[in-house]
Amino acid sequence: MYAFCKRQLWYYAHYIRPQAENKHIQMGSLAHETSFQRATHKNIHLLNEGVIDWIDPKTRILHENKTGKVSHTEGDILQLKYYLNWLHSHGISVVEGHLHYIDSRDIIHIPWTETIRQEINTCTSEIQGIIAAPTPHTPLHLKKCNGCSYFSHCYNNLEL
C-alpha cells in the first residue's frame with residue numbers, strides 16, 4: 001500500500017477496508033485459497049500488521065502469492081521486505097522471501113540482508129507520518145486508480 005498509494009495506506013491504517021465485492025479482491029482471495037494447497041504453515045497473522053501467505057519451515061523461506069503478471073513489483077517487493085524484517089525483528093530467522101506471480105508463473109527471490117532492515121526502518125518513519133495525519137492524501141488521479149479496491153472511497157464512483 002505504501003508504495004502504491006499513500007491514501008490507500010491511510011484508509012487501511014484507519015480501519016477503512018476495501019470493498020469486498022471488488023473484482024481484484026475477489027481474484028486475490030480465490031488465488032490465495034487455491035494456490036499452494038499443500039503448504040502447512042499458511043495465513044500467518046503478524047499481529048495487526050499483515051498476513052503472510054505461507055512459510056516453509058524447513059527451508060525458512062517466506063512465500064507471497066500475487067495475481068496478475070509482474071507489474072506493480074515495487075509495492076510487492078516492499079511488502080515482502082517488510083514481512084522479512086518483521087519476522088527477523090521478532091526473532092524468527094528466515095533466509096529469503098519469494099514473490100509468486102500466479103498468472104505468469106514468475107518468481108522473484110529476495111534474500112534477507114541488513115540493508116532491508118535499514119530500508120524498512122526509513123519507510124516506517126514516513127508511514128507513521130502518513131498514518132498520523134488527520135486526513136488522507138489527496139487522490140492521485142492516475143489510470144491505475146480505476147482498478148483500486150478503494151476507488152469508491154476516493155472518487156465517489158466518478159470516472160477518471
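The values are calculated or read from the model by the stated rules, or taken from the named source; none is laboratory data. Source: prediction; values computed, not measured. Backbone-built Cβ (ideal geometry, glycine too); neighbour counts: all protein chains shown.
State which residue pairs qualify: first residue of a type in the set (S, T, N, Q) and inside the stretch 129-148, second residue surrounded by 12 or more Cβ atoms within 10 Å (Cβ to Cβ) and not in a helix (DSSP H, G or I) in any location, beta carbons under 9 Å apart, and separation of 6 or more residues or different chains.
Matching pairs, first to second residue: Asn146/Leu160.
Being surrounded by 13 or more Cβ atoms within 10 Å (Cβ to Cβ) and in contact with a Lys or Arg (Cβ under 8 Å, 6 or more places away or on another chain) is the filter; apply it to the stretch 74-95 and report the residue that is farthest from Leu9 (Cα to Cα).
Result: Val94.
Within the stretch 6-19, is there a residue that is modelled with pLDDT of 90 or more, more than 20 Å from Ile130 (Cβ to Cβ), surrounded by 12 or more Cβ atoms within 10 Å (Cβ to Cβ) and of a type outside the set (Gly, Ala, Ser)?
No, because not a single residue in the stretch 6-19 is modelled with pLDDT of 90 or more, more than 20 Å from Ile130 (Cβ to Cβ), surrounded by 12 or more Cβ atoms within 10 Å (Cβ to Cβ) and of a type outside the set (Gly, Ala, Ser).
Pull up the stretch 58-67, narrow it to residues that are without any contact (Cβ under 8 Å) to a residue 40 or more places away in the chain and surrounded by 13 or more Cβ atoms within 10 Å (Cβ to Cβ), then point me to the one that is nearest to Cys5 (Cα to Cα).
Of everything passing the filter in the stretch 58-67, Lys66 is nearest to Cys5 (Cα to Cα).
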